[in-house]
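**Student:** First the structure, which I've put down as structure tokens, then a few questions once you've had a look.
The values are calculated or read from the model by the stated rules, or taken from the named source; none is laboratory data. Bear in mind that the values here come from a model prediction, so they are computed numbers and not experimental data. Heads up, the Cβs are rebuilt from the backbone with ideal geometry, glycines too, and the neighbour counts pull from every protein chain shown.
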Amino acid sequence: MTDHAARPVPGFPEHGRRGNIVGLKMWCRWCCEWHTHSHEEWYAAGHVTHRVAHCRTPDNPNLVPNPPYPESEGYWIEVQAAPFSEVEKLVKEPTTAQRRAMARRGYEQTDAVRRLRAQRLVQQDARWTVVHDE
Ligand SMILES: [Zn+2]
């Protein structure tokens, strides 16, 4: 099983229009979408922080389907130097219609869901200190 502390998932700072950091984005291969978490101004690249999972998928081994999640059901995120704007397009999110269909079917393992989940964030350069490879 996953050892959260040993294997954090990468989190990418999301910048607002004025260049300020407004969030920490984490690609969730279970939900097949970017989850948005809070980001603190003092975080530096390499900082590891715990977040309660935002997932809704019943087969994600890291969590339960509905909030409130116990603290232990979250994940560890390691802040990356690479900004979200550069990595956003490395994976393809489902459309709103696809997302609704997935939720309606309880994230049943259809071919489409399997294809979305097979996507991996591939490390682009040294600004990535951790990759999501589980
Ligand atoms: Zn998720």
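**Student:** Just to be sure before I move on: is Thr36 surrounded by fewer than 20 Cβ atoms within 10 Å (Cβ to Cβ) and more than 20 Å from Ser85 (Cα to Cα) in the structure I sent? Reasoning before the result, please.
**Tutor:** Numbers: surrounded by fewer than 20 Cβ atoms within 10 Å (Cβ to Cβ): yes; more than 20 Å from Ser85 (Cα to Cα): no.
Against the criterion (surrounded by fewer than 20 Cβ atoms within 10 Å (Cβ to Cβ) and more than 20 Å from Ser85 (Cα to Cα)), Thr36 does not qualify.
**Student:** Okay, next question. Tell me the residue from Arg114, Arg127 that is at pLDDT 85 or above, of a type in the set (D, E, K, R) and in a helix (DSSP H, G or I), please.
**Tutor:** Being at pLDDT 85 or above, of a type in the set (D, E, K, R) and in a helix (DSSP H, G or I) holds for just one of Arg114, Arg127, which is Arg114.
**Student:** Among the candidates Ala6, Ala53, Ala44, which residue alone is among the small types (Gly, Ala, Ser), part of a loop (DSSP other than H, G, I, E, B) and modelled with pLDDT under 65? Show your work before the answer.
**Tutor:** On the way: Ala53 fails: modelled with pLDDT under 65; Ala44 fails: modelled with pLDDT under 65.
Every option except Ala6 fails the conditions.
**Student:** Follow-up question, since we're still on this one. What number of residues within the range 97-126 satisfy the criterion of being in contact with a Pro (Cβ under 9 Å, 6 or more places away or on another chain), under 30 Å from Gly46 (Cβ atoms) and touching a residue at least 60 places away in the same chain (Cβ under 8 Å)?
**Tutor:** Qualifying residue count, the range 97-126: 2.
**Student:** Would you point out the residue of the range 69-111, among those that are of a type in the set (Phe, Trp, Tyr) and not in a helix (DSSP H, G or I), that is surrounded by the most Cβ atoms within 10 Å (Cβ to Cβ)?
**Tutor:** Filtering the range 69-111 down to residues of a type in the set (Phe, Trp, Tyr) leaves 69, 75-76, 84, 107.
Now drop any that are not not in a helix (DSSP H, G or I), which leaves 69, 75-76, 107.
Values: Tyr69: 17, Tyr75: 24, Trp76: 18, Tyr107: 20.
Within the range 69-111, the match that is surrounded by the most Cβ atoms within 10 Å (Cβ to Cβ) is Tyr75.
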